[in-house]
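One structure is given below, encoded as structure tokens.
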There are 2 protein chains.
Amino acid sequence: VKAEEPPALALDLGGTQVRAAVVTTPGRVGSAVRIPTPVDEGPDAVVEACVTALRQAWASEGAHVRPAAIGICTPGPVDPFRGVVVDPPNLGPRFRDVPLRDRVAASLGLPAVLDRDTQVAALAEGRLGAAVGATDYLYITISTGIGGAIVSGGRLLRGPDGGAGEVGHIVVDRTGPRCGCGATGHLEAISAGVAVARAGREAAESGRSPALRRAVAAHGASFGARHVADAEAAGDPVAAAILADARDAFARACVSFVDLFNPEVIVVGGGLVLGDAARWLGPANERVRREAFRLAGRRARIVPARLGDDVGLVGAYLLAVRGGPAAVDG
Amino acid sequence: VKAEEPPALALDLGGTQVRAAVVTTPGRVGSAVRIPTPVDEGPDAVVEACVTALRQAWASEGAHVRPAAIGICTPGPVDPFRGVVVDPPNLGPRFRDVPLRDRVAASLGLPAVLDRDTQVAALAEGRLGAAVGATDYLYITISTGIGGAIVSGGRLLRGPDGGAGEVGHIVVDRTGPRCGCGATGHLEAISAGVAVARAGREAAESGRSPALRRAVAAHGASFGARHVADAEAAGDPVAAAILADARDAFARACVSFVDLFNPEVIVVGGGLVLGDAARWLGPANERVRREAFRLAGRRARIVPARLGDDVGLVGAYLLAVRGGPAAVDG
């Protein structure tokens, strides 16, 4: 990122919210416009919400601002080279093969670049966040599910279908719980927010934890992993055991990643981890030091993500600046 | 590999045997010289055995043969860029930081190139074996232990310490048996020859399998995974269960690999698998089709290695021809 880069329009399309902002060098995010994603109204309404958010973000900065391009961060799977969003589960069943890049570009009259959220976040953390200077790193986000991206030798791994980097879908415990993807004992099925919430709900229903039972009663359908974390913080041993199990599976998965990739850094984001980074990353770093292969285990550091909620907008800006899909060394 | 490439000298240094041969385009291996590896006599004796094997291989083809270079395949860890063998466990405790490449080159008066056995095998299977034409593939060898290499987007993953690609050391069952590396429930601890043999020995000692008890009595310290496979072939249900468990863990690990790398092919070599490829690869292919992400799971094929025992010599020849460490697109 050179100091004289012009500003860019950045769009972060998620399942619940569309966010847009003007971003200036070196990744400074202006005031973001937020619009609820109209998933139920179909693809055209979602595309229109994206265009509206971008127009409002631009207008809020003033007509004198001249963005050079638009960067778009969307849920996968995508084809970043054609700028097409393929069929992300959280944008509704009708959202299939939408040429979002070209539709947004035509509406705003600016060139646009699009890529998958995890790849975009990895790019952003590598250029301006917790992995600056690294050529070999992973980005992992643990929230409702677990996603990520892998950078090896300065290159983002994609695979022929763009499907590489599904770091939540490695087996950790083949006798463990069933994953949303259909397999058994995947990392996501044990360590993700949805898994922690499910275990918390089960503990509440079985009567093992009065604290969790009260939390489920109070929050109903919105009971989630953060309520299990709250119960742990308040001293509930059942909640603590659920989260210890989630952190244990994550730490063991980190050993797998270090032995597979010999990374310099594993950057971990997502609300579940960032709310209590020491308790998640401490045991993971210790286990990697103890169990991974010697040189690789000594080198790897598992660290919290730095860019917070803006990671998608910052990464989208970097896409726009580079004029193509996410890449670390290109 | 162009048709007019000159022949090369190829060396495959293993823990039990040094093999050398003249290899001609496109990877045709001449009669190989085999010398037991004098591990107990120390590094100088091992280097001397390498030089002797290469000289004999060259002499056996006749003085008119003019090899252009020497390719060397050795156990890891290595530094391929400096041509140094770091400290491979199976070459003895004194074999540390040996500049094998330059010592062999000086003795023979030819340029030499050196790389790690798994990377060399991946190169060979990619150029002349089961992964020809693939830009995204894994090579996995299951014998006493489990090793491998990963190629993504046409590039071998190495990592800053050359430690990438330890595909045997991913957790599969966090409540499973302890791995030789110290971690718990790694793929190698369940699916490798050493794990199958250990389970077979335990079944023999516990009295659960009279067939395995007889095999242990007959073979003593040399009892190994192949005797468990023999007992399975003879109808022993305990041996069949041990191997079914090993294959199950392997199949689940393949789902992890497909979700991480979106490979076109996973090439599997090693005596344990190749002795009964259908029973190992059939369930793995089925599980990947069923449990991996849709596009990646449809694309990936898990196939047996093609180059057999010569894979190290063929790969070493390819190193010599390209004049540098293993790379797929370079």
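The values are calculated or read from the model by the stated rules, or taken from the named source; none is laboratory data. As the structure is a prediction and not an experimental result, all values here were calculated from the model. Don't worry about glycine lacking a Cβ; one is built from the backbone with ideal geometry, like all the others, and counts go over all protein chains shown. Ligands, DNA and RNA are stripped out before the accessible areas are found, and what is left, the full protein with its side chains, is counted by its heavy atoms. Shrake-Rupley method; radii C 1.70, N 1.55, O 1.52, S 1.80 Å.
Observations on the structure shown:
- Strands (runs of 3 or more DSSP E) within the range B:1-112 that include 3 or more residues under 21 Å from B:L307 (Cβ atoms), touching a strand residue (DSSP E or B) at 6+ places or on another chain (Cβ under 9 Å) and modelled with pLDDT of 95 or more: B:8-13, B:17-24, B:70-74
- Scanning the range B:252-280 for residues that are part of a helix (DSSP H, G or I), closer than 19 Å to B:D136 by Cα and not β-branched (V, I, T) turns up B:A253, B:C254, B:S256, B:F257, B:D259, B:L260, B:F261.
- Residue pairs whose Cβ atoms lie under 7 Å apart, separated by 6 or more positions or on different chains, with the first residue in the range B:249-274 and more than 7 Å from chain A (Cβ to nearest Cβ) and the second assigned to a helix (DSSP H, G or I) and basic (K, R), are B:A251/B:R287; B:C254/B:R287.
- Residue, farthest from A:D136 (Cα to Cα), within the range A:286-326, restricted to residues that are touching a residue at least 60 places away in the same chain (Cβ under 8 Å) and surrounded by fewer than 19 Cβ atoms within 10 Å (Cβ to Cβ): A:G323
- Matching entry among B:G147, B:G163, B:G182 (being touching a Ser or Thr at 6+ places or on another chain (Cβ under 7 Å), farther than 18 Å from B:P237 by Cα and either crowded, with 24+ Cβ neighbours inside 10 Å or at the interface with chain A (Cβ under 7 Å from one of its Cβ atoms) (or both)): B:G147
- For A:D259: the one exception among (1) touching a His at 6+ places or on another chain (Cβ under 9 Å); (2) more than 30 Å from B:R158 (Cβ to Cβ); (3) crowded, with 19+ Cβ neighbours inside 10 Å: (2)
- Tally of residues being touching a Lys or Arg at 6+ places or on another chain (Cβ under 8 Å), more than 9 Å from every other protein chain (Cβ to nearest Cβ) and assigned to a loop (DSSP other than H, G, I, E, B) across the range A:185-207: 1
- Which numbered condition B:D117 misses (of (1) within 30 Å of B:P304 (Cβ to Cβ); (2) free of Cβ contacts under 8 Å to residues at least 60 places away in the same chain): (2)
- B:A164 being within 16 Å of the chain's Cα centre (by Cα) and farther than 22 Å from B:W280 by Cβ: yes
- In the range A:233-248, residue least open to solvent (accessible area, probe 1.4 Å) [restricted to those that are in contact with a helix residue (DSSP H, G or I) (Cβ under 6 Å, 6 or more places away or on another chain) and within 13 Å of another protein chain (Cβ to nearest Cβ)]: A:A246
- Considering the conditions (1) of a type in the set (D, E); (2) touching a strand residue (DSSP E or B) at 6+ places or on another chain (Cβ under 9 Å); (3) open to solvent by 10 Å² or more (accessible area, probe 1.4 Å), A:E202 is excluded by exactly one of them, (2).
- Number of positions in the range A:281-330 that are aliphatic (A, V, I, L, M), within 23 Å of the chain's Cα centre (by Cα), over 15 Å from A:C254 (Cβ atoms) and not in a loop (DSSP other than H, G, I, E, B): 8
- Failed item, numbered, when A:A122 is tested on (1) open to solvent by less than 10 Å² (accessible area, probe 1.4 Å); (2) within 13 Å of another protein chain (Cβ to nearest Cβ); (3) touching a residue at least 12 places away in the same chain (Cβ under 8 Å): (2)
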